[in-house]
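Since the structure comes first, as structure tokens, the remarks are kept for the end.
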Amino acid sequence: MPKEEMVAMLLAGGKGTRLGVLTNNIAKPAVPFGAEYRLIDFPLSNCTNSGITTVGVLTQYKPLVLNSYIGSGSSWDLDRHNGGVTVLPPYVKEGGGSWYKGTADAIYQNIEFLDIHDPEYVLVLSGDHIYKMDYAEMLNYHKEKNADITIGVLEVPWKETHRFGIMNTNQEQKIIEFQEKPENAKNNLASMGIYIFNWEYLRKYLIEEAEENEDSAGDFGHNIIPKMMADNLNFYAYTFEGYWKDVGTIESYWQAHMDLLGEEPELELQDRNWIIYSVNPNRPPQYLSEDAVVDNSMINKGTQIMGTVKNSVLFFGVKVAQDAVVEDSVILPNTRINSGAKIKNSIIGRNVIVEKDSKIGIEKEKEASDELKITVIGDDEVIPEASNIKAGMVVG
Amino acid sequence: MMMTPVYKKGGANMNNVMAIINNALDESFLDKLTGHRSLASVPFGARYRLIDFPLSNLVNSGITNVGLLLQTKYRSLMDHIGFGKAWDLDRKRNGLFILPPAHIYQANRAYKGDLQNFASNIDYIKRSNQEYVIIGSPNIVANIDYRNAFKYHVENENDITIIYRELNVFRRDTTYTVINTDDNDRIIDMKVDPKNNFYKKISLQRYIMKKNCSWILLMTAFLKENGILLKMRLLVIWII
């Protein structure tokens with residue numbers, strides 16, 4: 001088998017606790033996004049568009065939907081003779097087996113997979129970020145800088161630095177210090193959770209950590225990176241300029257959808273040179289009735305709209321009946337919104353039935369502040385006729 | 001050991017190269033072997049067909065956009081190639097393209113040369129997003145790594161690079177395109193099927209060039225203005 005220059009390891013085992021009911025039945029990378037996609041489509045498509053053809057997807061929490069979604073990898077052109085996409089759940093070894101304790105432990109437990117492909121470099125990615133990035137450019141930078149580790153970073157507003165892992169760099173972009181969620185940040189370059197490691201070093205550190213430190217959390221941020229830093233390995237920051245969003249919370253998930261709207265959206269999905277691939281849902285074209293009113297919205301195949309849809313993102317198979325109104329909301333696949341129902345600032349799960357004249361996210365609690373509150377309805381819920389679900393509530 | 005690299009877009013990287021395998025060759029010298037098949041699909045070496053060599057060479061060199069230009073008797077070739085899966089060329093983007101011969105498009109025009117076939121498929125060439133093209137043919141059994149040749153082509157800023165080989169013994173029962181070069185390997189003369197073999201360097205009929213270089217313009221000009229059609233081998237000489 002030919003040696004691979006770089007293999008991508010995609011961390012897709014997380015539950016995504018902060019997404020609440022959206023990850024009740026699926027791993028976070030399988031959460032639907034942007035009318036057509038699931039979160040994992042972004043890193044997978046980035047890989048294929050960057051010419052990376054060997055990708056390991058590390059799964060752990062509720063992997064069934066993710067497994068069947070990935071399939072042979074053909075949707076992302078990753079059905080390859082050598083490599084392609086491989087789903088890597090934890091498994092039993094000679095001395096027993098264990099769950100992936102953390103991000104680094106997940107890679108450690110798959111050293112054999114990496115040894116088969118014998119790469120020069122390993123690209124570590126998260127399965128829950130929305131962005132378009134050419135990893136080949138990043139690898140090029142990594143080689144130019146003669147780095148041992150390159151970390152993808154982006155400039156964040158100074159007032160938000162306390163939410164991120166901040167990289168303090170010198171003028172050559174060499175990272176000299178790492179601050180996790182600092183109160184007084186010295187820099188505004190935040191880690192995107194994207195790393196290129198020289199495999200030889202990473203392999204050594206992973207084995208050391210696992211063998212010497214039994215109680216290790218097996219985490220890149222807490223265990224491996226500080227140790228490498230202490231040993232003065234060459235860390236460089238690669239600044240990414242472009243749209244990037246961690247959709248780890250209900251608010252950011254909703255906001256990322258709103259970012260898709262507009263004539264010149266912040267995240268451009270029309271670019272034919274950087275296609276975000278997904279599994280084709282094989283639905284008929286959308287239908288808009290004579291009475292339908294649709295404004296500034298993204299609407300996928302198989303939807304039937306007889307009512308009003310404004311500033312919203314509708315996945316495939318959604319039905320909005322006559323006199324129903326959907327505003328500033330995200331409606332996941334196959335959900336039915338019956339006549340007279342009104343929905344605002346909400347995320348409605350898959351296969352939900354909103355019975356007629358229901359109100360979701362329209363009214364506020366009496367003592368609620370003016371802050372925007374997103375209402376969430378979990379998958380497969382039935383919202384009875386004329387219910388009133390107030391802003392910020394979660395059903396499911 | 002071979003390595004599958006991750007290429008940056010464009011420039012001197014192999015993802016900036018497409019390839020066309022020209023199947024319009026005279027295969028009559030193989031007599032009955034090519035009675036019902038093209039040269040490309042002649043079985044070879046217990047388990048291959050001749051086309052396997054150029055195709056594998058291209059794929060192993062990192063080229064993923066390959067056009068297969070057909071001429072005649074290609075039923076068994078199509079059978080063998082399928083949709084390119086055996087060479088990992090069943091791709092969403094790039095991959096294997098079957099390029100039908102000119103007479104499919106222009107039944108009333110006589111066949112004058114393989115440039116007609118290139119011209120009929122110019123849309124494929126134009127629409128491919130690579131800047132460079134390698135043109136080859138299935139008449140040579142060899143392992144050729146195009147990565148070095150392409151690197152040489154770009155670094156040397158060549159207009160056209162022809163891959164050649166020195167021969168000491170020439171056979172009478174075949175034909176050669178011979179070239180003469182100066183000390184820097186620049187081609188200064190080229191002869192197709194010379195009566196006497198003047199030069200010891202034979203062209204392997206593998207050409208590397210910019211896709212939209214003079215070649216396409218020239219070819220179009222030939223087709224449109226003069227109606228004169230030359231064979232690929234002759235055209236290359238003409239340019240030099």
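Residues of the range B:22-37 being closer than 10 Å to B:ASN139 by Cβ and part of a loop (DSSP other than H, G, I, E, B), which ones? Those that are closer than 10 Å to B:ASN139 by Cβ and part of a loop (DSSP other than H, G, I, E, B): B:ASN23, B:LEU25, B:ASP26, B:GLU27.
Pull out all pairs, ordered by first then second residue, where Cβ-Cβ is under 8 Å, the residues are six or more apart or on different chains, the first lies in the range B:74-96 and is hydroxyl-bearing (Ser, Thr, Tyr), and the second is at pLDDT below 95. Pairs found: B:TYR74/B:ASN23; B:TYR74/B:SER38; B:TYR74/B:ALA40; B:TYR74/B:SER41; B:SER76/B:HIS36; B:SER76/B:ARG37; B:SER76/B:SER38; B:SER76/B:SER41.
The numbered conditions (1) away from chain B (no Cβ under 14 Å); (2) among the β-branched types (Val, Ile, Thr); (3) crowded, with 23+ Cβ neighbours inside 10 Å; (4) farther than 21 Å from A:ASP259 by Cα are all true for A:ILE40 except (4). Screening A:ALA185 on (1) open to solvent by less than 20 Å² (accessible area, probe 1.4 Å); (2) aliphatic (A, V, I, L, M); (3) not in a helix (DSSP H, G or I) shows it passes everything except condition (1).
A quick yes/no check of all residues on (1) out of contact with any helix residue (DSSP H, G or I) (no Cβ under 9 Å at 6 or more places or on another chain); (2) at pLDDT below 95:
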position	(1), (2)
A:PHE235	no, no
A:HIS257	yes, no
A:ILE276	no, no
A:PRO281	yes, yes
A:LEU288	yes, no
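Across the range A:312-339, the qualifying residues are those that are touching a strand residue (DSSP E or B) at 6+ places or on another chain (Cβ under 6 Å) and open to solvent by 50 Å² or more (accessible area, probe 1.4 Å), and the one among them that is nearest to A:ALA391 (Cα to Cα) is A:GLU327. Taken over the range A:271-308, the criterion of being among the basic types (Lys, Arg) and farther than 25 Å from A:ASP134 by Cβ is satisfied by A:ARG283, A:LYS301.
Among the residues of the range A:252-270, the one identified as under 14 Å from the mean Cα position of the chain (by Cα) and open to solvent by 40 Å² or more (accessible area, probe 1.4 Å) is A:GLN255.
Here the range B:1-29 is the region considered, the condition is being open to solvent by less than 20 Å² (accessible area, probe 1.4 Å) and within 11 Å of chain A (Cβ to nearest Cβ), and the residue that is farthest from B:THR64 (Cα to Cα) is B:VAL6. In this structure, A:GLY51 qualifies as within 14 Å of chain B (Cβ to nearest Cβ) and either small (Gly, Ala, Ser) or free of Cβ contacts under 8 Å to residues at least 12 places away in the same chain (or both). Within the range A:70-88, the set of residues being in contact with a strand residue (DSSP E or B) (Cβ under 8 Å, 6 or more places away or on another chain), surrounded by fewer than 17 Cβ atoms within 10 Å (Cβ to Cβ) and either within 11 Å of chain B (Cβ to nearest Cβ) or touching a residue at least 40 places away in the same chain (Cβ under 8 Å) (or both) comprises A:ASN82 only. Considering the range B:88-192, the qualifying strands (runs of 3 or more DSSP E), each wholly inside and each with 1 or more residues that are more than 30 Å from B:MET2 (Cα to Cα), at pLDDT 85 or above and open to solvent by 40 Å² or more (accessible area, probe 1.4 Å), run over B:177-181.
When A:GLY16, A:GLY20 are checked against the criterion of being open to solvent by 20 Å² or more (accessible area, probe 1.4 Å) and more than 14 Å from chain B (Cβ to nearest Cβ), a single residue qualifies: A:GLY20. Restricting attention to the range A:131-167, the residues that are open to solvent by less than 10 Å² (accessible area, probe 1.4 Å), more than 14 Å from every other protein chain (Cβ to nearest Cβ) and closer than 25 Å to A:GLU5 by Cα total 6. Checked against the criterion of being surrounded by fewer than 19 Cβ atoms within 10 Å (Cβ to Cβ) and within 18 Å of A:PRO281 (Cβ to Cβ), the range A:53-62 contains not a single residue that satisfies it. Checked against the criterion of being in the same structural domain as A:PRO32 (by the TED database), touching a Lys or Arg at 6+ places or on another chain (Cβ under 7 Å) and under 30 Å from A:ASN24 (Cα atoms), the candidates A:TYR69, A:TYR100, A:TYR91 yield just one match: A:TYR69.
The values are calculated or read from the model by the stated rules, or taken from the named source; none is laboratory data. Since the model is a prediction, treat every value here as computed from it, not as a measurement. A quick note on method: Cβ atoms are made from the backbone with ideal geometry, for glycine too, and the neighbour counts reach across all protein chains shown. All accessible areas refer to the heavy atoms of the entire protein, side chains included, with ligands and DNA or RNA removed. Shrake-Rupley method; radii C 1.70, N 1.55, O 1.52, S 1.80 Å.
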